[in-house]
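Just so it is clear, none of the values below were taken in a lab; they were calculated from the coordinates. Small disclaimer: the values here were computed from a predicted structure and weren't measured. Glycine gets a Cβ as well: all are built from the backbone with ideal geometry, and neighbour counts include every protein chain shown.
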Amino acid sequence: MTTIRPLEPADVELVVARIVDRLALDAHLQPLVNPVLSTQLLSDSLHQATDQSWVADQDGAIVGHLYGALLENEIYGNGVWIGPDGASFDNTDILSDLYSAAGATWIERGALEHYVWTIDDITSTQPWYEMGFARMHMRGVLRLDDRDDHSLPEGYFLRRGGIEDIDIAVALDDELDAVQRVGPSFSIGLDHSSKREDLLETLDDPEVHHYIAEFDGGAIAQCITFPLPHRRGSFEHTLHLSAVTVDAQHRHLGVGTAMVDAALRDARNAGFEFVETNWRVTNRRARNYWLEYGFEATFVRLHRTIGLG
């Protein structure tokens with residue numbers, strides 16, 4: 001008999017032990033996952049989130065837990081986010097019981113978009129597929145070992161951008177959105193009304209590096225890097241790489257690769273040891289590019305929308 005109930009303070013250390021075991025298994029499956037975590041910090045966090053966490057209890061033994069952070073996101077809507085440390089379960093039926101209880105509460109609170117980050121291994125993803133989730137985004141990781149850099153093609157130049165390049169950043173990001181709007185991604189319903197303000201805030205951050213490739217005096221490619229904030233499963237000294245875009249007329253010439261090479265060379269020189277990036281699973285071109293570059297898939301973001309009908 002499985003009982004689903006809210007997390008109690010007496011459960012916290014047992015749940016922490018389950019999370020430690022879960023991350024150790026993830027790191028065994030994919031060595032680019034960091035299994036190291038502060039159990040004290042995790043314990044403190046769970047003690048503060050007992051009203052947002054559930055456990056599965058079988059005759060006094062904890063056989064699963066589920067925690068989701070309720071967040072309102074301008075792009076992804078009112079949803080709940082379950083991280084790599086947010087779920088553990090001994091089998092799919094236990095997950096089903098946990099998700100039934102937690103999901104009902106989330107829906108009552110208006111969170112209709114449900115997201116899960118889990119290791120990209122069938123033993124971890126299949127139970128969520130059976131809950132109605134589908135693959136959405138991939139996280140790729142690359143160890144910043146020395147590598148041969150590619151040169152820009154003749155006539156192309158690379159420079160560092162800044163907040164004064166906001167119009168360039170917006171225009172090239174619009175092109176990235178255009179790529180995502182066509183098939184098979186069909187990302188046609190996302191709200192980008194705050195894009196300019198978000199990019200202004202990003203470019204104004206002194207830790208952000210904005211790289212711009214130019215040809216014939218015009219900007220034709222960009223990427224943005226910044227130190228990755230601490231998050232479960234990621235290593236210290238990790239750089240995040242994002243907003244990689246090359247104008248359609250300048251693709252397949254090596255411009256993007258040379259630009260990324262330069263950004264990662266700067267990161268190595270600054271003491272970074274790893275780099276992470278994300279791509280939409282339906283963007284096959286991005287997926288193939290990053291895997292060929294050397295990134296390895298670690299976590300996958302799964303998604304489910306709860307219908308109102």
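Give the label of the value calculated from the structure for log10 I(q)/I(0) by the Debye sum over Cα atoms at q = 0.09 Å⁻¹, choosing from (i) -0.45; (ii) -0.63; (iii) -0.51.
(iii)
To the nearest 20 debye, what is the magnitude of the charge dipole of the stretch 145-272 about its Cα centre, counting +1 on the Cβ of each Lys and Arg and -1 on the Cβ of each Asp and Glu?
400 debye
Sequence-distant or interchain residues sharing an amide H contact under 5 Å with PHE235, placed H: which?
Under 5 Å from the amide H of PHE235: ASN34.
Fewest first, what order do ARG301, ARG135 take by the number of other Cβ atoms within 10 Å?
Numbers: ARG301 20, ARG135 16.
Ascending Cβ contact count within 10 Å gives the list ARG135, ARG301.
Going by Cα centres, the stretch 23-57 and the stretch 176-252 are how many Å apart?
Each part reduced to its Cα centre gives a spacing of 30 Å.
Using DSSP H assignments, which helices in the chain have an axial alpha-carbon span of 30 Å or above and a mean Kyte-Doolittle hydropathy of -0.5 or higher?
none
Could you state the number of Å between the C-alpha centres of the stretch 88-129 and the stretch 280-309?
Using only Cα atoms to place each centre, the spacing works out to 18 Å.
Of SER124, VAL179, ILE212, whose Cα points farthest to the positive end of the dipole of the stretch 85-233 (charges on the beta-carbon: +1 Lys, Arg; -1 Asp, Glu; origin at the Cα centre)?
SER124
Out of all DSSP beta bridges with both ends in the chain, state the antiparallel percent to the nearest 5.
90 percent
Identify the GluC sites (Glu not before Pro) of the stretch 178-227 meeting these criteria: DSSP loop state and at most 16 other C-beta atoms within 10 Å of the C-beta. Before the final figure, lay out each step's value.
Values: sites: GLU197, GLU201, GLU207, GLU214; in loops: GLU207.
Listed in order of number, the matching sites are GLU207.
Within the stretch 245-263, name every residue whose backbone N is under 12 Å away from a label modeled 7 Å from Cα of ASP216 along the Cβ vector.
249-250
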